[in-house]
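Only one structure is covered here, and it is reproduced in the block below.
The values are calculated or read from the model by the stated rules, or taken from the named source; none is laboratory data. Every value quoted in this text rests on a predicted model; they were computed, and no experiment measured them. In this analysis, Cβ positions are derived from the backbone assuming ideal geometry, glycine residues included, and neighbour counts consider all displayed protein chains. Areas reflect the complete protein model, heavy atoms only, side chains present, ligands, DNA and RNA absent. Shrake-Rupley method; radii C 1.70, N 1.55, O 1.52, S 1.80 Å.
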Amino acid sequence: MQIQCTWPANEMRFGSSSLINLSKHLYADFRFVKTKTGATPRPSFSATMSTVSTQNDVVSGQSESIQKTQQPLQVAKRLEKFKTTIFTQMSSLAIKYGAINLGQGFPNFDGPEFVKEAAIQAIIDGKNQYARGYGVPDLNSAIAERFKKDTGLVVDPEKEITVTSGCTEAIAATVLGLINPGDEVILFAPFYDSYEATLSMAGAKVKGITLCPPDFSVPINELKSTISKNTRAILLNTPHNPTGKMFTREELNEIASLCVENDVLVFTDEVYDKLAFEMDHISLASLPGMYERTVTMNSLGKTFSLTGWKIGWAIAPPHLTWGVRQAHSYLTFASSTPMQWAAATALRAPDSYFVELKRDYQAKKAILVEGLKAVGFKVYPSSGTYFVVVDHTPFGLENDVAFCEYLIKEVGVVAIPTSVFYFNPEDGKNLVRFTFCKDEGTLRAAVDRMKEKLRK
């Protein structure tokens with residue numbers, strides 16, 4: 001049976017020759033707009049199934065037509081406002097237009113040989129069946145060792161560490177395991193897009209605090225007024241995606257004090273902890289009174305350029321680990337066994353590996369930042385991660401989505417519009433994010449394209 005899909009002319013499809021006016025469609029069809037009354041879903045696209053003909057080889061070669069009626073896409077109400085992620089969209093457009101992808105944060109180079117060899121050896125050794133639900137013992141021990149070295153905290157690998165399928169699952173297990181419907185959770189915008197979607201799945205009431213350029217500092221007085229008797233947790237990310245901000249010790253101390261005073265939990269996403277350039281990374285759990293109320297989440301992918309392995313973990317005291325593990329058991333139960341064994345090898349890498357990693361990324365960052373400044377962008381400071389946020393307004397486009405459309409189609413470079421990371425898209429309309437987790441040749445080629453084709 002051959003099935004032909006036809007799409008309404010006003011709908012978006014990536015394979016069409018009439019692909020998109022991103023400034024209209026990407027901004028509308030794949031996003032939602034926050035209003036004073038809440039989130040207003042945008043209409044989602046759907047396929048109309050045309051009449052199909054099927055050759056019936058059994059009954060005298062006759063053809064019959066089956067009328068397929070249009071069916072609306074179905075999704076639970078708690079997720080209906082969330083559309084295709086911006087990363088999927090931009091990566092698809094990069095392929096279509098042959099653009100250099102400085103949008104999505106995955107390296108275009110491979111991870112270290114000694115870690116890959118450990119994975120291969122684990123497979124050869126037959127370590128290929130389900131792992132223990134909360135982690136291969138050797139990996140749990142390696143995580144505990146690394147956490148002690150980084151923070152000075154001693155944790156029980158058997159009772160306080162849960163291995164997950166990437167940090168995204170650690171976030172999901174933490175939220176679903178510890179947040180009840182109606183609980184208030186505070187987010188700092190801009191934020192990694194899975195945070196709000198996961199909180200929505202848990203039925204949480206999300207309260208937002210916006211970090212503003214140029215330094216994206218925490219408005220402490222606003223945080224104090226936002227915390228209420230219904231606040232269950234604060235979810236924060238340091239070093240921070242997308243801005244590259246690192247929360248300072250003073251900011252973390254203020255947050256810790258408010259959490260202790262108001263009996264609030266903290267969920268910290270620290271996947272970029274080894275990419276801290278301007279200051280030392282501080283785990284909130286290491287501050288006085290905070291370990292017993294903190295879930296610290298991390299992963300292998302960013303530090304070892306192995307994002308496709310999806311090995312993450314959550315570290316928390318036993319009373320919080322219980323909830324995390326309950327959710328994890330019914331999400332994925334266990335993560336890839338051979339990759340866990342290899343991850344244990346990775347985390348025991350000598351200090352020289354982490355020193356070299358930071359040095360390499362500092363060189364990449366310098367190429368991109370200096371290039372962006374030379375092109376004419378206003379570049380905001382990035383103290384950590386492998387991201388840089390810039391102000392695109394010198395080039396005269398109406399918003400971040402329109403600029404990214406132009407950049408892809410006319411210049412051949414991909415960036416991410418940051419408005420998708422804000423509660424109010426207007427807050428991010430002047431900013432776009434570039435990544436420098438690419439080889440130096442790719443970064444220089446992208447800068448050269450922008451110097452040649454991008455005009456104020």
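Sort through 449, 455, 433, 444 and tell me the only one that's of a type in the set (Lys, Arg) and in a strand (DSSP E or B).
Every option except 433 fails the conditions.
Listed here are the residues, each with its yes/no results for (1) closer than 25 Å to residue 168 by Cα; (2) open to solvent by 40 Å² or more (accessible area, probe 1.4 Å); (3) in contact (Cβ under 8 Å) with a residue 12 or more places away in the chain.
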position: 220; (1), (2), (3): no, no, yes
position: 224; (1), (2), (3): no, yes, yes
position: 233; (1), (2), (3): yes, no, yes
position: 240; (1), (2), (3): yes, no, yes
position: 243; (1), (2), (3): yes, no, yes
position: 249; (1), (2), (3): no, yes, yes
position: 252; (1), (2), (3): yes, no, yes
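Any chance you could count how many residues in region 324-339 are farther than 17 Å from residue 309 by Cβ, open to solvent by 20 Å² or more (accessible area, probe 1.4 Å) and in contact with a helix residue (DSSP H, G or I) (Cβ under 7 Å, 6 or more places away or on another chain)?
2
Between a first residue in region 408-425 that is over 22 Å from residue 451 (Cα atoms) and a second residue that is of a type in the set (Phe, Trp, Tyr) and assigned to a helix (DSSP H, G or I), which pairs have beta carbons less than 9 Å apart while being 6 or more apart in sequence or on different chains?
The qualifying pairs are 419/27; 425/27.
If you check residue 278 against the conditions, is it of a type in the set (D, E, K, R), outside any loop (DSSP other than H, G, I, E, B) and either without any contact (Cβ under 8 Å) to a residue 24 or more places away in the chain or out of contact with any His (no Cβ under 6 Å at 6 or more places or on another chain) (or both)?
Judged against the criteria, residue 278 is not a match.
If I go through region 281-308 residue by residue, how many of them are in a helix (DSSP H, G or I), without any contact (Cβ under 8 Å) to a residue 60 or more places away in the chain and buried (at least 24 other Cβ atoms within 10 Å of the Cβ)?
Total meeting the criteria: 1.
Just wondering, is there one or more residues in region 164-174 that are surrounded by fewer than 19 Cβ atoms within 10 Å (Cβ to Cβ) and either more than 27 Å from residue 246 (Cα to Cα) or of a type in the set (Gly, Ala, Ser) (or both)?
No, every residue in region 164-174 fails to be surrounded by fewer than 19 Cβ atoms within 10 Å (Cβ to Cβ) and either more than 27 Å from residue 246 (Cα to Cα) or of a type in the set (Gly, Ala, Ser) (or both).
Condition (residue is over 18 Å from residue 271 (Cβ atoms) and part of a helix (DSSP H, G or I)) applied to region 380-388: is it met by at least one residue?
No: zero hits.
Within the bounds of region 107-114, is there any residue that is open to solvent by less than 40 Å² (accessible area, probe 1.4 Å), touching a residue at least 60 places away in the same chain (Cβ under 8 Å) and within 30 Å of residue 417 (Cα to Cα)?
Yes, because at least one residue in region 107-114 is open to solvent by less than 40 Å² (accessible area, probe 1.4 Å), touching a residue at least 60 places away in the same chain (Cβ under 8 Å) and within 30 Å of residue 417 (Cα to Cα).
Is it the case that residue 69 is among the polar types (S, T, N, Q), at pLDDT below 90 and assigned to a loop (DSSP other than H, G, I, E, B)?
So residue 69 passes the test.
Right, residue 260: open to solvent by less than 40 Å² (accessible area, probe 1.4 Å) and either modelled with pLDDT under 95 or among the β-branched types (Val, Ile, Thr) (or both) or not?
Considered against the rule, which asks whether it is open to solvent by less than 40 Å² (accessible area, probe 1.4 Å) and either modelled with pLDDT under 95 or among the β-branched types (Val, Ile, Thr) (or both), residue 260 comes out as no.
On the given criteria, is residue 129 at pLDDT below 90, of a type outside the set (Val, Ile, Thr) and out of contact with any Asp or Glu (no Cβ under 9 Å at 6 or more places or on another chain)?
no
Tell me, yes or no, whether region 360-373 has at least one residue that is of a type in the set (Phe, Trp, Tyr) and open to solvent by 20 Å² or more (accessible area, probe 1.4 Å).
No: zero hits.
Tell me whether region 125-147 contains one or more residues that are among the β-branched types (Val, Ile, Thr) and open to solvent by 50 Å² or more (accessible area, probe 1.4 Å).
Checking region 125-147: not a single residue is among the β-branched types (Val, Ile, Thr) and open to solvent by 50 Å² or more (accessible area, probe 1.4 Å).
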